[in-house]
Amino acid sequence: MEDDIQHSRSQPNNPLHGVKLAVMLEKLVATYGWERLSRKININCFKNDPSIKSSLTFLRRTAWARARVEELYLKMPGRE
């Protein structure tokens, strides 16, 4: 528990701190839809039979794709 408190204190200015990847992806899909999202971030899991589950599996294993999702999430209007 003490580690959690220290971790929270170590990232006070990180806008992604505490935001789960699943929440980011769900909000992006709700905002853009799969088709538009696949045009913004060109990855197959958004194009071919997309689902939250398969996309999360890919994004958790692929750092560059996750970074693009995080970047788009931060730029998304009304994300708060």
So what is the relative contact order of region 18-75, in percent, for Cα pairs below 8 Å that sit 6 or more residues apart? 35 percent
What is the sum of charges, Lys and Arg at +1 and Asp and Glu at -1, for the other residues whose Cβ falls under 12 Å from the Cβ of K53? -1
Between W64 and K40, what length comes free when the chain is fully extended (0.36 nm per residue of separation minus the Cα-Cα distance, one decimal in nm)? 7.2 nm
Using the Cα atoms of region 18-75, I'd like the radius of gyration and the largest Cα-Cα distance, Dmax, both in angstrom. 9.9, 30
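Just so you know, all these numbers are worked out from the coordinates, no wet-lab data involved. Treat the numbers as computed from the prediction; the structure is a model and nothing was measured. For neighbour counting, all protein chains shown are included, and Cβ atoms are generated from backbone atoms with ideal geometry for every residue, glycine included.
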